[in-house]
Amino acid sequence: MTTATSKPEAGHEAAAENKWLRAYRQMVRIRLFEEQVNELYTRALMPGLAHLYSGQEAVAVGICEALHIDDYITSTHRGHGHCLAKGASPDRMFAELLGKEAGYCRGKGGSMHIADPATGNLGANAIVGGSVGIATGAAFASKRLGNGRVAVCFFGEGALGQGSLYEVMNLAQLWKLPVIYVCENNLYNEYTHFSETTAGTILGRAAAFGLESAFVDGQDVRAVNEIATRLVKRARAGDGPAFLQADTYRYSGHHVGDINREYYRSKQEEQHWKTERDPIKLHASWLLTQGHAAAAVLDQITSEARAEMEAAVKFAIAAPYPGVDQVEQDVYA
């Protein structure tokens with residue numbers, strides 16, 4: 001009897017261990033991807049700017065690990081982490097950043113417009129709050145088709161000033177659409193602390209429409225995943241939309257060129273988040289103390305991820321640009 005009951009328990013523990021190791025791997029991959037993006041920018045190999053997701057990895061990973069591959073997400077101008085967490089390939093992402101034909105949008109979208117329908121990624125968006133209607137529309141289609149898919153709409157706290165967000169939340173609640181609005185509150189609307197631009201509370205906005213709403217520590221990947229799993233299950237069951245506030249922090253500036261940030265936030269603040277609140281360090285500590293992984297295993301994961309990103313960059317640099325004959329292709333008005 002003891003042997004028979006121990007097998008499922010052992011299997012459950014192994015599955016949980018694999019899940020949290022996978023979450024660690026995904027966060028490390030995102031962090032190292034962004035390091036390479038910054039390197040490409042400083043080497044003048046990447047046209048334009050990029051907005052790094054470093055520091056916010058637990059939000060994207062915790063939520064996307066609760067989704068099916070065919071569930072939908074929409075992203076933001078700071079969207080590399082969302083894309084990778086949902087299953088995008090680093091080599092094609094780097095190719096897109098460098099304007100190469102092998103990129104997800106054949107080099108015509110760049111950092112802020114990466115989309116990958118094969119993994120349910122309906123696209124990043126350079127317009128603040130620009131994807132809220134897309135996510136809600138996807139959720140509407142899912143309900144009409146009865147395919148059981150859920151849509152997750154990522155946006156920053158700066159989007160709370162966009163009226164379109166409130167229009168779609170109103171419709172989503174009226175029609176009980178399977179969409180989850182995820183506000184990644186990284187504290188700064190570009191160069192201004194959100195407290196200077198946001199009256200009232202963030203969750204109060206969702207409450208006004210009667211949405212199921214919740215708050216989570218965006219630096220704790222396990223906490224994010226737990227609440228995301230509940231909200232996704234709820235939406236998939238037909239119980240309507242939800243709103244999640246995930247407090248987090250961006251380590252870098254608003255974009256890769258935002259180097260001197262002391263005029264709007266202190267180095268001490270940045271250092272505190274990097275040393276005391278880093279999502280990767282916090283999760284690594286938990287994995288070690290719980291006995292889910294040895295330090296050597298975590299080191300190996302980091303080494304493998306670094307090699308993966310370096311190879312992806314080499315692929316993108318060597319890839320050809322789209323030809324002049326393609327200038328009018330894949331362009332929609």
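Numbers for the structure displayed
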| item | result |
| --- | --- |
| Nearest-20 debye value, the chain charge dipole, Cβ charges on Lys, Arg, Asp, Glu | 580 debye |
| Farthest toward positive dipole pole in the range 119-205 [+1 Lys/Arg, -1 Asp/Glu at C-beta], among Val168, Thr192, Gly146 | Gly146 |
| Which of Val297, Val59, Val327 is most accessible, then next, and so on - probe 1.4 Å | Val327, Val297, Val59 |
| Ellipsoid equivalent to the range 1-136 - semi-axes via the Cα gyration tensor, in Å | 33, 17, 12 |
| Solvent-accessible area per residue, Å², over the range 220-263 with all protein chains present [probe radius 1.4 Å] | 40 Å² |
| Accessible area (Å², 1.4 Å probe, nearest 10) - His77 | 40 Å² |
| Whole-percent pair-distance distribution, where bins are 5 Å wide, for the alpha carbons of the range 85-160 | 3, 16, 22, 21, 18, 14, 6, 1 |
| Global form of the range 146-224, assessed from the alpha-carbon gyration tensor, a/c cut-off 1.5 | oblate |
| Under Karplus coefficients 6.51, -1.76 and 1.60, residue-wise ³J(HN,Hα) of the range 28-34 in Hz, glycine/proline x | 5, 4, 5, 4, 6, 4, 5 |
| Beta bridges per DSSP with both ends in the chain, % antiparallel, nearest 5 | 10 percent |
| List Tyr249, Tyr321, ordered by accessible area with a 1.4 Å probe, largest first | Tyr321, Tyr249 |
| Per-residue HN-Hα couplings for the range 124-139 [Karplus 6.51, -1.76, 1.60; θ = phi - 60°; Hz; x = Gly/Pro] | 7, 8, 7, 8, 4, x, x, 9, 5, x, 5, 5, 5, x, 5, 5 |
| Local electrostatic count at Tyr249 - Lys and Arg +1, Asp and Glu -1, tallied over other residues with Cβ under 15 Å | -4 |
| Interchain or long-range residues, amide H under 5 Å from Asn121's placed H | Ile73, Asp116 |
| Net lengthening on full extension, Val297/Asp325 (0.36 nm per residue, minus Cα-Cα) | 5.3 nm |
| Carbon/sulfur fraction of accessible area - the chain, other protein chains in place, 1.4 Å, % | 55 percent |
| Karplus-derived 3J(HN,Hα), 6.51/-1.76/1.60, for each residue of the range 59-68, Hz, glycine and proline x | 5, 4, 5, x, 7, 5, 5, 8, 9, 7 |
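The values are calculated or read from the model by the stated rules, or taken from the named source; none is laboratory data. Values in this document were obtained by computation on a predicted structure and should not be read as measured data. Every residue, glycine as well, gets a Cβ built from its backbone with ideal geometry; the counts of neighbours run over all protein chains shown. Ligands, DNA and RNA are stripped out before the accessible areas are found, and what is left, the full protein with its side chains, is counted by its heavy atoms. Shrake-Rupley method; radii C 1.70, N 1.55, O 1.52, S 1.80 Å.
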